[in-house]
Amino acid sequence: MSVFRILVADNHPVFRLGLCSLLGSHEGWEVCGEAVDGQDAVEKCRLLEPDLLVLDICMPRLNGVDATRQILKHNPAQRILVLTDVQTEQVVQDCLELGIRGWVFKADATSDLKSAVEALQWHKSIFSSRVSHLIMEGYRQRRSHKATRLSPREREVLQFIGQGKTSKEVAVMLDLAPKTVETHRSNIMSKLNLHSVAELVLYAVKNGIVHLPTVLLPDPQQGNGRVRAA
């Protein structure tokens, strides 16, 4: 049987090292590469063409949801296993709609992770029991509250805002007019019923859009809306 090649994408070096060691010690599996953020995962998927990508959701540069979107747009057959701490129904639903067929939480047992990799190796779907709970919980909430969905572009804008970028900086990074970025920002705050940058950041963290160590908070010593590292 040919070697099953796995690409690991996680921004935490120590966790990534342990994960690579665990997966690489399994007979018939090989860690063919490592990615340190979402954009790196997109690029290395195209370069290395792994059999499986093990992907965290909350990563810098590009979050796991948007990385998944880009990866599957390029290669719809790419198998992806989400391995994350993010536990929000919205993120789970977004990933399921994109085509994710495997999801394990970092708090799950090592045996659960191995079972998930084996399932995807044989083209099966597998999800942590917690995923089902989150979906049912979200369904109950939607019965009484209209669900709010951000567009892919709005989520990109939100990620950069959460990383402390100004509207002008976001405009340059996304090749948009500053006025367009301001419109997206206004729409995001209106959709989510949020009223400050701090509230936007907290929402982004909770939903795995912003990588936690890069979270920025309003700087009370600056009156121009800029933010500082937490």
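The values are calculated or read from the model by the stated rules, or taken from the named source; none is laboratory data. Note that the structure is a prediction, hence the values are computed from the model and not measured. As a convention, Cβ positions derive from the backbone with ideal geometry for all residues, glycine included, and neighbour counts pool all protein chains shown.
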* Asked: Would you call residue 31 of a type in the set (A, V, I, L, M, F, W, C) and more than 19 Å from residue 95 (Cβ to Cβ)?
  -> yes
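Residue-wise test of (1) at pLDDT 85 or above; (2) in contact with a Ser or Thr (Cβ under 9 Å, 6 or more places away or on another chain); (3) surrounded by fewer than 18 Cβ atoms within 10 Å (Cβ to Cβ).
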residue	(1), (2), (3)
162	no, yes, no
165	no, no, no
183	yes, no, yes
199	no, no, yes
203	no, no, no
207	no, yes, no
* Taking strands (runs of 3 or more DSSP E) that do not extend beyond the range 1-104, which have at least 2 residues that are surrounded by 21 or more Cβ atoms within 10 Å (Cβ to Cβ)? -> 4-9, 52-55, 79-84
* To do: Looking only at the range 216-229, decide whether some residue is surrounded by 19 or more Cβ atoms within 10 Å (Cβ to Cβ), modelled with pLDDT under 80 and not in a helix (DSSP H, G or I).
  => yes
